[in-house]
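Q: Before I ask anything, here is the structure I am working with.
The values are calculated or read from the model by the stated rules, or taken from the named source; none is laboratory data. Being a predicted model, the structure only gives us computed values, none of them experimental. Heads up, the Cβs are rebuilt from the backbone with ideal geometry, glycines too, and the neighbour counts pull from every protein chain shown.
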Amino acid sequence: MLEDPRYAILTLGCKTNQYESAAIAWQLEQHGYRIAAAAREADVCIINTCAVTHSTEAQSRQLIRHLLKENPRCRIIVTGCYAQTSPEAVAALSERIEVLGNIQKDELPAFLKQTPKSSSLCLHVSDIAVHHFFTTPACPSFRNRTRALLKIQDGCNSTCSYCIVPSVRGPSRSLPLPLVLERLSELVNAGYKEIVLTGIHLGAYGRDLHPRVSLSLLLKKIEATYSPAPVRIRLSSLEPPECTDELIGIIAESHTLCPHLHIPLQSGDNALLKAMHRTYTADAFEALLERVLSAIPNVNIGLDVIAGLPGETDRQFENTLSLITRHAVGYLHVFPFSRRRGTPAASLPGQVPDSLKKERVRILRALGFQKRQDFWKAQCLHDHLALIENRHDNQTGKFKAVTRNYIPVQLSAPCSYVGEEVRIKMVQPTDGYVEAVLLVD
């Protein structure tokens with residue numbers, strides 16, 4: 001091992017990937033590594049890739065090629081979902097590259113102790129379908145982050161016809177509930193005032209454990225432990241059937257859980273939902289939105305939407321637009337359909353031309369912008385609690401902050417307030433954030 005080795009980690013993709021990269025960084029620092037000022041100065045560079053769409057695969061390749069040129073001497077480890085699904089393609093980019101699968105990334109510090117570039121080390125990717133236990137290590141510290149992540153679940157047992165995730169993340173597996181509470185306690189004791197519970201299929205948490213538990217049970221235990229302590233818990237994406245009346249009620253009555261839900265819609269047309277193996281109807285989704293909006297004050301609901309699913313007609317696209325338009329959702333994450341090799345949707349008839357997909361994406365994103373502005377304007381009528389982050393806006397010089405219901409704001413505040421939750425008044429929405437002022441009790 002080098003004396004005083006330096007590392008860099010470059011991450012693409014979801015919050016789960018972000019957590020795993022932070023966990024790798026923590027492990028490396030416990031083994032004597034220091035973070036490099038820039039990737040070009042690192043002795044070891046780790047690229048944690050994404051493969052959810054063709055676009056993210058292309059971004060992964062671009063990042064790898066850039067790093068190969070920028071740092072011609074470092075050891076390069078490529079891991080993550082693109083490495084898991086296409087290890088040979090990754091390795092073919094350069095003989096300098098060593099490829100680790102999603103399971104092997106948990107063992108990265110031990111892997112680095114081995115001699116690099118031997119033939120047996122170039123590819124280190126196992127069959128993830130046979131892994132049934134949660135193995136991601138703890139991460140008690142997040143560099144330059146005010147809000148912490150806590151991964152409590154991995155993998156997915158669903159069979160959505162367009163999705164590659166189950167094949168690159170494996171079966172659903174959960175961190176045992178006592179360990180969730182232990183890791184949560186470490187983060188709270190470290191001073192984090194917001195912790196985001198994340199996973200690949202978060203709503204499936206606990207179904208694989210013995211005895212079986214549920215996300216709702218976990219949230220009740222967290223609420224009993226920390227309410228009304230000054231820590232807030234945010235949930236990452238939840239599938240519609242898992243937003244049960246029990247879970248909605250827990251959030252509505254909670255002093256700890258943030259009034260924010262991100263729920264994948266994908267399409268507002270029943271025929272498309274059925275073809276994509278989604279387990280709900282458009283009517284059921286609308287009923288869910290109505291229950292959430294009526295039960296949780298000031299709730300911010302975000303939706304995932306896919307444009308250009310195979311066979312999507314103009315009328316079916318209009319059905320999606322109409323559903324979204326009818327409800328006070330707060331924002332949209334819009335994706336063009338991406339044909340993923342090995343998924344049933346890739347070979348379905350009626351593939352939508354790229355030009356039409358691009359136009360539908362544009363229309364949906366314009367609707368999403370309007371929905372977000374409408375929600376922000378409505379929320380200016382209320383006072384809010386916002387967590388001030390250790391980041392300034394480069395143009396305004398003001399602190400960035402995030403409200404409990406996931407609205408980005410900017411405000412002037414004393415430096416001593418960084419990392420604290422304060423009461424604010426939102427004043428004026430802009431394109432990317434809401435201007436706010438600090439309220440003094």
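Q: So GLN410 fits all but one of (1) at pLDDT below 90; (2) assigned to a strand (DSSP E or B); (3) polar (S, T, N, Q); what number is the exception?
A: (1)
Quick grid of which residues meet (1) surrounded by fewer than 20 Cβ atoms within 10 Å (Cβ to Cβ); (2) in a helix (DSSP H, G or I):
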position: LEU265; (1), (2): no, no
position: LEU272; (1), (2): no, yes
position: ASP283; (1), (2): yes, yes
position: ALA287; (1), (2): yes, yes
position: LEU293; (1), (2): yes, yes
position: GLY311; (1), (2): yes, no
position: SER322; (1), (2): yes, yes
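Q: Scan the stretch 379-404 residue by residue and report those that are outside any loop (DSSP other than H, G, I, E, B) and not aliphatic (A, V, I, L, M).
A: GLN379, ASP383, HIS384, GLU389, ASN390, ARG391, HIS392, PHE399, LYS400, THR403
Q: Specify which of the listed residues (ILE248, ILE233, ILE222) is modelled with pLDDT of 95 or more, farther than 24 Å from ASP154 by Cβ and either surrounded by 16 or more Cβ atoms within 10 Å (Cβ to Cβ) or touching a strand residue (DSSP E or B) at 6+ places or on another chain (Cβ under 6 Å) (or both).
A: That would be ILE248, the only listed residue that is modelled with pLDDT of 95 or more, farther than 24 Å from ASP154 by Cβ and either surrounded by 16 or more Cβ atoms within 10 Å (Cβ to Cβ) or touching a strand residue (DSSP E or B) at 6+ places or on another chain (Cβ under 6 Å) (or both).
Q: Restricting the search to the stretch 351-374, which residues are part of a loop (DSSP other than H, G, I, E, B) and more than 25 Å from THR85 (Cβ to Cβ)?
A: PRO353
Q: Could you go through the stretch 152-166 and let me know if any residue there is within 30 Å of ALA386 (Cβ to Cβ), at pLDDT 95 or above and touching a strand residue (DSSP E or B) at 6+ places or on another chain (Cβ under 6 Å).
A: Looking through the stretch 152-166, at least one residue is within 30 Å of ALA386 (Cβ to Cβ), at pLDDT 95 or above and touching a strand residue (DSSP E or B) at 6+ places or on another chain (Cβ under 6 Å).
Q: Looking at this structure, is ARG278 at pLDDT 95 or above, among the basic types (Lys, Arg) and assigned to a loop (DSSP other than H, G, I, E, B)?
A: yes
Q: Counting residues that are under 30 Å from GLY101 (Cα atoms), which helices (runs of 4 or more DSSP H) fully inside the stretch 162-236 reach at least 3?
A: Filter on the stretch 162-236 gives 165-169, 177-189.
Q: Taking PRO166 and the conditions (1) in contact (Cβ under 8 Å) with a residue 12 or more places away in the chain; (2) under 20 Å from the mean Cα position of the chain (by Cα), which numbered condition does it fall short on, given that it satisfies the others?
A: Result: PRO166 passes all but (1).
Q: Kindly check whether there is at least one residue in the stretch 105-115 that is exposed (fewer than 14 other Cβ atoms within 10 Å of the Cβ), part of a loop (DSSP other than H, G, I, E, B), on the phi < 0 side of the Ramachandran plot and among the β-branched types (Val, Ile, Thr).
A: There is at least one residue in the stretch 105-115 that is exposed (fewer than 14 other Cβ atoms within 10 Å of the Cβ), part of a loop (DSSP other than H, G, I, E, B), on the phi < 0 side of the Ramachandran plot and among the β-branched types (Val, Ile, Thr).
Q: Sticking with this one: May I ask you to list pairs of residues, at least six apart or on different chains, whose Cβ atoms are under 7 Å apart, with the first in the stretch 213-224 being within 13 Å of LEU202 (Cα to Cα) and not assigned by TED's automatic domain parsing to the domain that holds LEU184 and the second being among the charged types (D, E, K, R) and surrounded by fewer than 21 Cβ atoms within 10 Å (Cβ to Cβ)?
A: Partner pairs satisfying both residue conditions: none exist.
Q: Right, another one. Being touching a Lys or Arg at 6+ places or on another chain (Cβ under 7 Å) and at pLDDT below 95 is the filter here, so list the residues in the stretch 384-399 that pass it.
A: Within the stretch 384-399, GLU389, ARG391, HIS392, ASP393 meet the criteria.
Q: Scan (1) over 18 Å from the mean Cα position of the chain (by Cα); (2) modelled with pLDDT of 95 or more for the single condition GLU194 breaks and write down its number.
A: Only one criterion is unmet by GLU194, namely (1).
Q: If you take the residues of the stretch 181-210 that are buried (at least 17 other Cβ atoms within 10 Å of the Cβ) and acidic (Asp, Glu), which of them is nearest to ILE388 (Cα to Cα)?
A: GLU194
Q: Given the criteria out of contact with any Asp or Glu (no Cβ under 8 Å at 6 or more places or on another chain), closer than 23 Å to VAL418 by Cβ and among the hydroxyl-bearing types (Ser, Thr, Tyr), does SER167 qualify?
A: no
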